[in-house]
Amino acid sequence: MTVSSPAPAAAPSPTSSDEIVVEVKDMTAGYLPGINIINSANLVARKGELIGIIGPNGAGKSTLLKSIFGLVKVRGGDITLNGESIVGLKADKLVHRGVAFVPQNNNVFPSLSIEENLQMGLFQNPKAYAERLEFVTGIFAELGKRLKQRAGSLSGGERQMVAMSRALMMNPSVLLLDEPSAGLSPVRQDDAFIRVSDINKAGVTTIMVEQNARRCLQICDRGYVLDQGRDAHQGTGRELLNDPQVIGLYLGTLGDEAH
Ligand SMILES: Nc1ncnc2c1ncn2[C@@H]1O[C@H](COP(=O)(O)OP(=O)(O)OP(=O)(O)O)[C@@H](O)[C@H]1O
Ligand SMILES: [Mg+2]
């Protein structure tokens with residue numbers, strides 16, 4: 001963060017707040033009896049933050065997001081949303097409380113048009129369609145011009161945009177994104193990260209899992225390295241990019257010099 005002097009007159013940052021929106025506390029979760037995939041993991045997302053989660057394949061990154069969204073059984077610890085426990089709540093209840101989730105795979109309805117996909121995202125509040133469509137096409141302008149196109153005929157990057165747009169239709173306060181840049185060409189990846197930043201700057205607290213660790217840490221406010229189901233490292237994106245241990249184990253080369 002840069003500090004200018006003298007300080008500008010009362011210009012509140014849209015992205016900084018002490019208010020904790022999502023907190024994962026010593027959380028343990030898994031699929032099969034006796035096998036914990038998440039082992040005492042901790043994470044905090046404050047209002048307006050963009051949080052990045054990186055880590056090796058199989059570390060449990062997707063499982064962590066799915067646990068927050070009620071899709072994996074939580075066996076211990078707690079997850080809170082605005083201070084209230086959400087453990088045991090199913091996805092529909094969480095959507096109602098302002099949480100949206102874009103999974104890693106199969107995140108659009110391929111046989112439906114873009115428009116129908118967006119309408120599916122709004123099933124709990126269909127009256128808001130026009131207003132929400134205006135918001136999402138403000139971020140994803142190209143989708144607005146192709147509303148009748150079948151989602152199955154879109155490229156990977158375009159599908160990713162539809163998936164994020166669908167999640168945004170409910171006007172979520174928290175967005176959980178699993179690998180928004182996966183499978184995209186480098187140019188499309190850059191675009192995906194810019195869109196995630198735009199969504200976050202519009203005020204949506206965002207928790208993003210990413211394979212592209214360096215790019216993720218470059219744009220996030222704070223990041224977590226998940227390893228074997230545990231938050232092994234945490235810090236600001238810049239701190240993690242420059243942490244020799246994180247570089248050695250998870251980034252491969254010197255943090256800031258590559259991109
Ligand atoms: N539905 C499931 N049933 C049983 N085990 C599962 C299931 N889904 C995932 N796992 C196991 O949980 C572990 C963590 O998987 P997860 O998908 O959370 O990892 P990840 O960090 O997201 O990996 P990647 O970077 O490859 O996406 C893996 O060992 C995986 O085999
Ligand atoms: Mg995953």
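The values are calculated or read from the model by the stated rules, or taken from the named source; none is laboratory data. A quick note: this is a predicted structure, and the numbers were derived from the prediction, not measured. We place every Cβ from the backbone using ideal geometry, glycine too, and count neighbours over all the protein chains shown. The protein model used for the area step is the full one, side chains on, heavy atoms only, and it has no ligands, DNA or RNA in it. Shrake-Rupley method; radii C 1.70, N 1.55, O 1.52, S 1.80 Å.
Residues of region 201-221 being of a type in the set (Val, Ile, Thr) and either away from ligand 2 (no atom under 16 Å from the Cβ) or on the phi > 0 side of the Ramachandran plot (or both), which ones? Give the steps one after another, and end with the answer.
Step one: list which residues in region 201-221 are of a type in the set (Val, Ile, Thr), which gives 204-207, 209, 219.
Selection gives 204, 205, 206, 219.
With closer than 18 Å to residue 208 by Cα, within 16 Å of ligand 2 (Cβ to nearest atom) and either among the charged types (D, E, K, R) or modelled with pLDDT under 95 (or both) as the only criterion, which of 47, 66 stands out? First the steps, then the outcome.
On the way: 47 fails: within 16 Å of ligand 2 (Cβ to nearest atom).
Just a single option satisfies the conditions, and that option is 66.
So residue 84 passes all but one of these: (1) touching a strand residue (DSSP E or B) at 6+ places or on another chain (Cβ under 6 Å); (2) open to solvent by 50 Å² or more (accessible area, probe 1.4 Å). Which condition number does it fail?
Result: residue 84 fails condition (1) only.
May I ask you to list pairs of residues, at least six apart or on different chains, whose Cβ atoms are under 6 Å apart, with the first in region 163-183 being without any contact (Cβ under 8 Å) to a residue 12 or more places away in the chain and away from ligand 1 (no atom under 16 Å from the Cβ) and the second being in a helix (DSSP H, G or I) and aromatic (Phe, Trp, Tyr)?
Qualifying pairs under 6 Å: none.
For region 56-68, give me each residue that is open to solvent by 20 Å² or more (accessible area, probe 1.4 Å) and assigned to a loop (DSSP other than H, G, I, E, B).
Residues of region 56-68 that are open to solvent by 20 Å² or more (accessible area, probe 1.4 Å), as a first pass: 56-58, 62, 66.
Correct list: 56, 57, 58.
For region 84-94, give me each residue that is under 21 Å from residue 27 (Cα atoms) and not small (Gly, Ala, Ser). Before you say what the answer is, go through the steps one by one.
Narrowing region 84-94 to residues under 21 Å from residue 27 (Cα atoms): 84-91, 93-94.
84, 86, 87, 89, 90, 93, 94, listed by residue number.
Being within 16 Å of ligand 2 (Cβ to nearest atom) and open to solvent by 40 Å² or more (accessible area, probe 1.4 Å), is that true of even one residue in region 143-153?
Within region 143-153, the first condition is being within 16 Å of ligand 2 (Cβ to nearest atom), and the residues that meet it are none.
No, region 143-153 has no match at all.
For the condition of a type outside the set (Ser, Thr, Tyr), within 16 Å of ligand 2 (Cβ to nearest atom) and either in a helix (DSSP H, G or I) or open to solvent by 60 Å² or more (accessible area, probe 1.4 Å) (or both), what is the one hit in 167, 130, 163? Full working, then the answer.
Details: 167 fails: within 16 Å of ligand 2 (Cβ to nearest atom); 130 fails: within 16 Å of ligand 2 (Cβ to nearest atom).
Result: 163 is the single residue among 167, 130, 163 that is of a type outside the set (Ser, Thr, Tyr), within 16 Å of ligand 2 (Cβ to nearest atom) and either in a helix (DSSP H, G or I) or open to solvent by 60 Å² or more (accessible area, probe 1.4 Å) (or both).
I'm trying to understand the selection: among the residues of region 204-218, which are open to solvent by 40 Å² or more (accessible area, probe 1.4 Å) and within 13 Å of the chain's Cα centre (by Cα)?
Filtering region 204-218 for residues open to solvent by 40 Å² or more (accessible area, probe 1.4 Å) gives 211-212, 215, 218.
If the condition is that a residue be open to solvent by 40 Å² or more (accessible area, probe 1.4 Å) and within 13 Å of the chain's Cα centre (by Cα), then 211 is the only one that fits.
Return yes or no: is residue 113 more than 16 Å from ligand 2 (Cβ to nearest atom) and over 21 Å from residue 174 (Cβ atoms)?
Details: more than 16 Å from ligand 2 (Cβ to nearest atom): yes; over 21 Å from residue 174 (Cβ atoms): yes.
The answer is yes for residue 113.
Can you tell me which residue within region 170-194, out of those that are of a type outside the set (A, V, I, L, M, F, W, C) and in contact with a helix residue (DSSP H, G or I) (Cβ under 6 Å, 6 or more places away or on another chain), is surrounded by the most Cβ atoms within 10 Å (Cβ to Cβ)? Explain how you work it out, then say what you get.
Here is the first cut: in region 170-194, the residues of a type outside the set (A, V, I, L, M, F, W, C) are 171-173, 178-181, 183, 185-186, 188-191.
With the extra rule that they be in contact with a helix residue (DSSP H, G or I) (Cβ under 6 Å, 6 or more places away or on another chain), the set shrinks to 178, 180-181, 183, 188.
On the way: 178: 23, 180: 27, 181: 24, 183: 15, 188: 17.
By that ranking, first place goes to 180.
Residue check, residue 94 against (1) under 17 Å from the mean Cα position of the chain (by Cα); (2) open to solvent by less than 20 Å² (accessible area, probe 1.4 Å); (3) within 15 Å of ligand 2 (Cβ to nearest atom), all met but one. Which one?
Of (1) under 17 Å from the mean Cα position of the chain (by Cα); (2) open to solvent by less than 20 Å² (accessible area, probe 1.4 Å); (3) within 15 Å of ligand 2 (Cβ to nearest atom), only one is false for residue 94: (3).
So how many residues does region 170-200 have that are under 10 Å from the mean Cα position of the chain (by Cα), within 16 Å of ligand 2 (Cβ to nearest atom) and not charged (D, E, K, R)?
Residues that pass the stated criteria total 3.
Please enumerate the residues belonging to region 49-101 that are under 22 Å from residue 240 (Cβ atoms) and not small (Gly, Ala, Ser).
Selection gives 49, 50, 51, 53, 54, 56, 57, 61, 63, 64, 65, 68.
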